[in-house]
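See structure below.
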Amino acid sequence: MVSFDEGGESAAGFDLINWITFPNQTFLKIKVLPLAICNDNCLPGYSRKKKEGKPFCCYDCVPCPDGKISEQKDMDECFKCPEDQFPNRKRDRCLPKVIVFLSFTEPLGMALVFLTLSFALITALVLGIFIRNKNTPIVIANNRDLTYTLLVSLLLCFLSTLLFLGQPHSITCYLCQTAFGVIFSVAVSCVLAKTVTVVLAFMATKPGSRMRKWVGKGLANSIVLSCSLIQVSICAVWLCTAPPFPVLNMHSLAEEMILECNEGSVTMFYCVLGYLGFLAALSFSVAFLARKLPDSFNEAKFITFSMLVFCSVWLSFVPSYLSTKGKFMVAVEIFSILASGAGLLSCIFSPKCYFIILRPELNSKNQLIRRH
């Protein structure tokens, strides 16, 4: 049966068979591929495309599109490589993808480790200075125990970034996000408690004020404990419902497979960040309202600026985190942790260290009373 298409050409296919006979009366059938009469064969890396209005054996050779290859001559269609492979430049074969993650040994990883250890060392030195001068007025002011807790939490914040580096495992995926969220919540809760302490201490100095009964370690400790427990509860729900886990991401990059920690529940991840942002905004608001208190309580001014830096870093984190891929996503989160922690450390404690180390004559009760 012979049929014709709309153009009047034969729609039937033909097989050309070459019969090869041998002296012993045997023969061999070999299928012959007809060569085009108007162009050469399409090489690997290309596919055939029929020319309109030309005989069926005339065609154009079209390069394979991105992500596809052809391994043989005159292929009608290109095909995709397996998920763990990618096309070479000639698009005539597939190459295995390389597994990548943010390693300690690569330049970016080493730079982040250097920054982490540097900030951790500076924080430890500041903590040592405050412990050594624990009985001086500047250290005693605004709750000495809160200051120690804030410095220890900042030290742990810096060190927690090391969990993000290296090959992800189940335990590191569990710890890196939750440890960051809880430790930073403790730090920001301390800042909030210090700010509330500043406000209440000033109000308690007014004659007949009833605020004196609220001024003390009890209220500050309650603020830190309650605010931190809320974040602990959020992280506990996260780990019990849809915890982070290591995953091999094969689709984000063309030539590499990314070994990374999947958030598990993206909603819980942003709940942790959102609660942290709420604490930071609350601390900033209280400190901003208390920034014009007398100089004896001017720590609120430094807290205001530190929380402004903190909020700015994390507001810029979200779009940066969403617009990067692979190990650079991890680098963005590490840098945000280091930058926000460094902002708190420098803005709150550098003025105090200046007076303790360089102007010890001003670190006296008489000076504080005179300035008030």
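Rounded to the nearest 500, the 222 nm mean residue ellipticity of the chain from helices alone is -17500 deg cm²/dmol, with -39,500 (n - 2.57) taken per DSSP H run of at least 4 residues. Using every pair of separate Cα atoms, the Kirkwood estimate puts the hydrodynamic radius of the stretch 8-148 at 22.7 angstrom.
Say R0 is 45 Å: what FRET efficiency, to the nearest 0.05, do Glu106 and Lys68 get from their beta-carbon distance?
Calculated transfer efficiency: 0.90.
Amide H contacts of Asn88: Arg93, Leu95, each under 5 Å away and 5 or more positions distant or on a separate chain (H built 1.01 Å from N in the peptide plane; Pro and chain starts excluded).
The angle between the Cα long axis of helix 107-132 and the main principal axis of the chain comes to about 10°, on a 0 to 90 degree scale.
If you count, for each residue, the other Cβ atoms within 10 Å and average over each peptide, how do 182-192, 156-166 line up from highest to lowest? Could the numbers behind the result be given before it?
On the way: 182-192: 25.8, 156-166: 21.4.
Ranked by mean Cβ neighbours within 10 Å, highest first: 182-192, 156-166.
Using the charge dipole of the chain (Lys, Arg: +1 at Cβ; Asp, Glu: -1 at Cβ; taken about the Cα centre), state which of Asn41, Ile30, Ile258 has its Cα farthest towards the positive end. Looking along the dipole axis, the top candidate is Ile258. Put a plus charge on the Cβ of each Lys and Arg, a minus charge on the Cβ of each Asp and Glu, and nothing anywhere else: the dipole of the chain about its Cα centre is then about 2640 debye. A crude spin-label estimate for the pair Asp60 and Ala236, with each label 7 Å from Cα along the Cβ direction, gives 6.7 nm. Any idea what angle helix 327-353 forms with the longest principal axis of the chain, computed on alpha-carbon atoms, 0 to 90 degrees, nearest 10? Here the helix axis deviates by roughly 10 degrees. For the set Lys49/Lys80; Lys90/Lys327; Lys51/Lys97; Lys29/Lys51, the pairs lying more than 25 angstrom apart at their alpha carbons are Lys90/Lys327; Lys51/Lys97; Lys29/Lys51.
Backbone phi angles across the stretch 179-192, fed through the Karplus curve with coefficients 6.51, -1.76 and 1.60 (θ = phi - 60°), yield HN-Hα couplings of 5, 4, x, 5, 5, 5, 5, 4, 4, 5, 5, 5, 5, 4 Hz in residue order; Gly and Pro are listed as x.
Against the set [x] 34.2, 126; [y] 22.2, 87; [z] 55.4, 171, the structure's computed Rg and Dmax of the Cα atoms in Å falls on [x].
Since every read-out is calculated from the coordinates, none of them should be taken as a lab result. Since the model is a prediction, treat every value here as computed from it, not as a measurement. Heads up, the Cβs are rebuilt from the backbone with ideal geometry, glycines too, and the neighbour counts pull from every protein chain shown.
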